Amino acid sequence: MDKYVIEGGKPLKGEVVISGAKNAAVAIVAATILCDEPCVLENVPEISDISICLKILREMGATVQIKGKNTVFFDTSGIINPVVPYDLARSMRASSYFLGTLLGRFHEAYVPMPGGCDLGDRPIDQHLKAFKSLGASDDMHAGIVHVQCEELYGGQVYFDFITVGATINAIFAGVKAKGLTVIENAAKEPHIVDLANFLNSMGADIRGAGTDVIKIRGVSRLKGITYAIIPDQIEAGTYMVMAAATKGDVLVKNVIPKHLESITAKLRKIGVTVEEFDESVRVCVKPDAQFIKTSVKTMPHPGFPTDMQPQLSTLLTLADGTSIVTDDIFENRFRYVAELRRMGADISVDGKVAIIQGVGKLTGAPVRATDLRAGAAMVIAGLAAEGETVIDDIFHIERGYENIDSKVRALGGNMIRKYFPDINAQAITG
Ligand code: EPU
């Protein structure tokens with residue numbers, strides 16, 4: 001089993017190029033099912049969540065070919081049955097997107113209840129509510145969600161709270177419904193805008209993506225196109241925090257600075273210098289700088305993203321004084337705290353609030369990635385800490401970060417992926 005081994009304490013310096021956005025890519029790859037012709041996606045990140053999406057499409061009968069680095073060809077005309085393979089779908093939250101795309105194309109879908117990071121209970125009631133508003137019914141049997149309709153008709157969808165996944169699924173169904181669909185209280189994340197741009201380039205008629213009211217006029221056909229996925233806001237933010245926590249100087253390239261505004265604002269409050277350019281940001285901290293305590297509350301876009309909370313909290317363990325971090329988007333996004341404590345962090349958690357007493361420095365330790373962003377936080381902690389950190393369960397990190405170890409090494413960080421024999425397996429074989 002491979003682990004990341006990090007020898008910390010070295011400022012990161014140089015340039016890093018950000019990959020395509022995971023959360024845009026998983027939606028756009030699923031959206032190829034709605035397209036009536038082959039299409040090509042560029043800037044597709046090489047991460048395991050995408051490999052799973054591609055496997056799902058292939059197992060359902062689609063032709064999917066890797067055409068070069070980060071470029072993938074899709075022809076989904078070979079899909080005949082709207083049934084998503086059980087084990088593949090169970091490992092990933094974004095498999096819920098196949099509900100909307102298969103329903104749009106076949107008027108029926110069988111999709112195992114989606115998995116993904118364990119952030120607490122992650123229901124799909126709002127997704128099903130949206131489908132219902134457009135004329136589909138649903139039931140669940142043996143862990144498989146089944147949605148169906150005779151025809152999809154445009155309708156009014158009002159979400160009880162802001163949800164990224166259900167907004168995306170409502171868009172999928174609305175694109176192929178007859179007439180006008182209006183989605184109110186829609187999520188506004190950059191990947192929702194990217195998905196709408198992709199679908200509109202194929203001939204869909206979606207207006208208002210990026211605001212809380214999205215209007216969609218259904219169309220009968222979508223044509224094939226070549227489309228490049230936007231850069232990953234969260235990967236960029238992770239490298240920004242990494243540069244800050246190691247008191248380095250890093251140019252983070254291939255980004256949309258507008259998407260990073262909430263992260264940039266918090267970093268500046270903490271005492272980090274962030275310079276914005278057209279498609280890059282430079283993050284630097286002087287060696288003798290003192291980080292300033294700061295309070296953070298996660299919010300849907302354009303607020304501070306929950307997907308950056310563990311990384312920023314890690315930086316706050318190095319600040320002077322007490323910071324309060326509130327994250328109530330998911331039930332359980334503080335599981336990494338127990339791991340950071342092994343490295344000397346002083347954090348107490350009360351429900352959805354973490355109280356971080358700055359300790360000035362962290363020390364290396366064996367830790368675990370408890371989920372994707374928690375894993376990114378461990379990498380940041382390891383790079384900032386004195387001594388060696390060994391991170392277990394790195395498959396979580398590789399779900400969403402392309403070549404994180406080589407990108408860190410290119411910045412001068414001491415991080416390798418190393419094989420460790422499984423001690424339990426050895427004991428069994430004698
Ligand atoms: N929720 C419901 N019912 C629903 C849908 C959502 O109760 O039908 C709840 C969720 O349990 C959660 C809240 O609403 O408490 C918000 O969930 P949302 O639907 O917005 O999240 P998601 O679509 O499941 C996506 C990202 C997450 C990211 C969130 C919030 C993908 C594949 N996942 O999840 O990304 O944290 O939006 O921005 O796009 C990550 O990348 O590490 C990650 C977890």
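Taken together, the values in this text are just the output of simple stated rules run on the coordinates, not laboratory data. Here the structure is a predicted model, which means the values were calculated and not measured. Neighbour counts are summed over all protein chains in view; Cβ atoms, including those assigned to glycine, are modelled from backbone coordinates with ideal geometry.
Tabulated results
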read-out	value
Spatial separation of Cα centroids for the stretch 329-399 and the stretch 248-317, in angstrom	18
Distance in nm between pseudo-label sites at Val359 and Ile324 (7 Å out along the Cβ direction from Cα)	2.3
Ranked packing of 294-301, 315-322, most packed first, by mean Cβ within 10 Å	315-322, 294-301
The chain, dipole about Cα centre (Lys/Arg Cβ +1, Asp/Glu Cβ -1), debye to the nearest 20	520
Long-range HN-HN contacts of Ala228 with modeled amide H, under 5 Å	Glu42
Residue among Ile416, Thr370, Gln357 farthest towards the positive dipole end of the stretch 354-417, charges placed on Cβ	Gln357
Label-point separation in nm, Arg221 to Ile423, each point 7 Å along Cα→Cβ	6.3
DSSP H segments from the chain that extend 15 Å or more along their own axis, Cα-based, with Kyte-Doolittle mean of 1.6 or above	164-175, 372-384
Those residues of the stretch 33-53 whose amide nitrogen sits under 17 Å from the label point placed on Phe395, 7 Å along Cα→Cβ	47-53
Rel. contact order, % - alpha carbon contacts under 8 angstrom, at least six apart, the chain	21
Stretch gain in nm, segment Ala265-Ser51, where the contour uses 0.36 nm per residue and the Cα spacing is subtracted	73.7 nm
Convex hull projection area averaged over all views, the stretch 276-342, Cα basis, nm²	6.1
The stretch 22-228 - charge dipole about Cα centre, Lys and Arg +1 at Cβ, Asp and Glu -1, debye rounded to 20	420
Built amide H within the under 5 Å cut-off of Phe304, gap 5+	Met299
Rg to Rh, two decimals, where the stretch 285-396 supplies the alpha carbon set and Rh follows Kirkwood	0.94
Formal net charge of residues neighbouring His146 (Cβ-Cβ distance under 9 Å; K, R +1; D, E -1)	-3
Cut-off 9 Å between beta-carbons: net charge of the residues surrounding Val285, Lys and Arg +1, Asp and Glu -1	+1
Cα convex hull of the stretch 335-424 - mean projected area over all directions, nm²	6.8
D_trans [Stokes-Einstein, Kirkwood Rh over alpha-carbon pairs] for the chain, 25 °C, 0.890 mPa s, µm² s⁻¹	111
Over the stretch 108-238 - Rg/Rh using Cα atoms and the Kirkwood inverse-distance radius	0.97
Burial ranking of peptide ranges 247-257, 145-155, 98-108 (average Cβ count within 10 Å, highest at the top)	98-108, 247-257, 145-155
Contour minus Cα-Cα distance for Asn403 and Phe106 (0.36 nm per residue)	103.3 nm
Under 16 Å from Lys178, Cα to Cα: lysines that are on another chain or at least 8 residues apart	Lys132, Lys215
For Ile206, net neighbour charge (Lys/Arg +1, Asp/Glu -1) across residues whose Cβ lies under 11 Å away	+2
The stretch 352-368 - phi-based ³J(HN,Hα) in whole Hz, Karplus 6.51/-1.76/1.60, Gly and Pro as x	9, 10, 10, 10, 10, 8, x, 10, x, 9, 10, 10, x, 6, x, 9, 10
Spatially proximal lysines relative to Lys67 (Cα-Cα < 26 Å; intrachain offsets below 8 disregarded)	Lys22, Lys55, Lys223, Lys253, Lys407
Built amide H within the under 5 Å cut-off of Thr273, gap 5+	Cys284
Burial ranking of peptide ranges 22-35, 340-353 (average Cβ count within 10 Å, highest at the top)	22-35, 340-353
Hydrodynamic radius (Kirkwood) for the stretch 22-228, which is based on Cα pairs only, to one decimal in Å	16.5
